[in-house]
Amino acid sequence: MRGILGLSSGRKQACAAGAAHGTVAFVVRLWNAAEVTNEAPSKPEERGEAAPESASGARWILGLALLVGLARFWKLGAWSLWFDEAATWTDWFVGIESGEIQNPLGYRLVHATVGLLGGRPDEFALRFLPAVAGFLAIPATAWAFRPIASRRTAAIAALLVAASSWQVYWSQNARFYTLTELATLLGAGVWLRAFLGGSALRALLGLAITGAGAFFHPSAALLVPALLVAPGVALLRARFVLGPRKRLLLFLWGGALIAALFAIPWARATLSTYFLQKGSAGPFANPVQTLERLGHLAKTTGFYFTPYLGAAALVGLVLAWRKRELGG
């Protein structure tokens, strides 16, 4: 969707790709939720202090990921802009002033970047900021998921992001998906550290950063409930007594509910504009059209769950299952 939700349903999901890569590391932790305790980390590895050998291996993997990540800048301005990229520039002059666009931050930052690069909105200048964000998402992935994975596992997650052709593609587009990805990774990293450390203020900050990704693309708002629900599942599986983390989670759920109420006007305006641009009265106004959209979503989901990401998730699930069966 031009200006609001960007593209087709398959492409809209691309902005969350980096976070999805990192969740492979989260599978083991969530599946073996009984390992999560209420006490503060006491062992070095629980505090993120891996053994020197492990840290050294992780640095090599992360270094390789960063090297692969430079592909995002290869021939960045070599091919012409396509329609949505051109709209990134023109909508700054039209859509924002009219109030049609509800996620203006990406437009403003790209416009400012073009100004810093000489003011000429050519292919390179328009795509430069998304490429930088796509590159920064690689170390951000390793950092974000480090609290729930070893250094090596977090580095491998970063390498998966670096090698993702889908992520490279959107890093070389003058759109806002990699900016959204970077914001949500930073927010998730702050959130995980705050939740495991029992800090309510930092947890709220992490959720706020994640939610702020919606100013790049509205789909980022969907990650906020995901971050809140996943620890709740872990707590239930571990059969926790009422402890610091459970109280913290209940507090955050209450705060999130209040925030969601304040966000309703923004969500309604965003959806109204979307359906207006699509020539539809609403998501359920036409049952046939609704079924067609669901079918389209099912087909385009394959572009999001790429074969190698699906394989990585399957490996993570198998390892988690084995670890649980062995009582590890």
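The values are calculated or read from the model by the stated rules, or taken from the named source; none is laboratory data. The shown structure was predicted, so the numbers you read here are calculated from the model rather than taken from an experiment. Cβ atoms come from the backbone with ideal geometry, glycine included; neighbour counts cover every protein chain shown.
Here's a check for you: in region 120-170, which residue that is charged (D, E, K, R) and out of contact with any Leu (no Cβ under 8 Å at 6 or more places or on another chain) is surrounded by the fewest Cβ atoms within 10 Å (Cβ to Cβ)?
Step one: list which residues in region 120-170 are charged (D, E, K, R), which gives 120, 122-123, 127, 146, 151-152.
In the following step, the residues that additionally are out of contact with any Leu (no Cβ under 8 Å at 6 or more places or on another chain) were identified as 120, 122, 146, 151-152.
Values: 120: 10, 122: 12, 146: 22, 151: 22, 152: 19.
Within region 120-170, the match that is surrounded by the fewest Cβ atoms within 10 Å (Cβ to Cβ) is 120.
Would you check which residues across region 53-80 are in contact with a helix residue (DSSP H, G or I) (Cβ under 6 Å, 6 or more places away or on another chain) and not in a helix (DSSP H, G or I) and list them?
Within region 53-80, 76, 77 qualify.
Answer yes or no as to whether residue 66 is modelled with pLDDT of 95 or more, touching a Pro at 6+ places or on another chain (Cβ under 8 Å) and either surrounded by 14 or more Cβ atoms within 10 Å (Cβ to Cβ) or under 30 Å from residue 128 (Cα atoms) (or both). Let's see the steps before the verdict.
Details: modelled with pLDDT of 95 or more: yes; touching a Pro at 6+ places or on another chain (Cβ under 8 Å): yes; either surrounded by 14 or more Cβ atoms within 10 Å (Cβ to Cβ) or under 30 Å from residue 128 (Cα atoms) (or both): yes.
The answer is yes for residue 66.
Determine whether residue 236 is at pLDDT below 70, surrounded by fewer than 18 Cβ atoms within 10 Å (Cβ to Cβ), over 22 Å from the mean Cα position of the chain (by Cα) and not in a loop (DSSP other than H, G, I, E, B). So that I can check it myself, show each step before the final result.
On the way: at pLDDT below 70: yes; surrounded by fewer than 18 Cβ atoms within 10 Å (Cβ to Cβ): yes; over 22 Å from the mean Cα position of the chain (by Cα): yes; not in a loop (DSSP other than H, G, I, E, B): yes.
Here the answer is yes, as residue 236 does meet what is asked.
Considering only region 83-119, how many residues are outside any helix (DSSP H, G or I) and either loosely packed, with under 11 Cβ neighbours inside 10 Å or at positive phi (or both)? Steps first, answer last, please.
Keep residues of region 83-119 that are outside any helix (DSSP H, G or I), which gives 94, 99-104, 117-119.
Remaining after also requiring either loosely packed, with under 11 Cβ neighbours inside 10 Å or at positive phi (or both): 99, 118-119.
Number satisfying all stated conditions: 3.
Identify, please: which residue in region 292-328 is farther than 17 Å from residue 165 by Cα and in a loop (DSSP other than H, G, I, E, B) and is, among those, modelled with the highest pLDDT?
Here the answer is 326.
Mind checking which pairs have a first residue in region 132-155 that is at positive phi and a second that is crowded, with 22+ Cβ neighbours inside 10 Å and among the aliphatic types (A, V, I, L, M), Cβ under 7 Å, 6 or more apart or different chains?
Listed pairs, sorted by first residue: none to list.
Taking the criterion of being under 30 Å from residue 82 (Cβ atoms), among the aliphatic types (A, V, I, L, M) and assigned to a helix (DSSP H, G or I), would at least one residue in region 139-154 satisfy it? Don't jump to the end; show me each part of the working.
Step one: of region 139-154, the residues under 30 Å from residue 82 (Cβ atoms) are 139-141.
Then keep just the ones that are among the aliphatic types (A, V, I, L, M); that gives 140.
Next cut, assigned to a helix (DSSP H, G or I) only: 140.
Yes.
Considering only residues that are surrounded by fewer than 21 Cβ atoms within 10 Å (Cβ to Cβ) and not in a helix (DSSP H, G or I), which ones fall in region 177-226?
198, 199
If I ask for residues that are touching a residue at least 40 places away in the same chain (Cβ under 8 Å) and of a type in the set (A, V, I, L, M, F, W, C), which ones from region 188-211 would you list?
188, 192, 195, 196, 200, 203, 204, 207
If I filter region 158-170 for residues that are under 21 Å from the mean Cα position of the chain (by Cα), within 30 Å of residue 85 (Cβ to Cβ), modelled with pLDDT under 90 and part of a helix (DSSP H, G or I), do I get at least one hit?
yes
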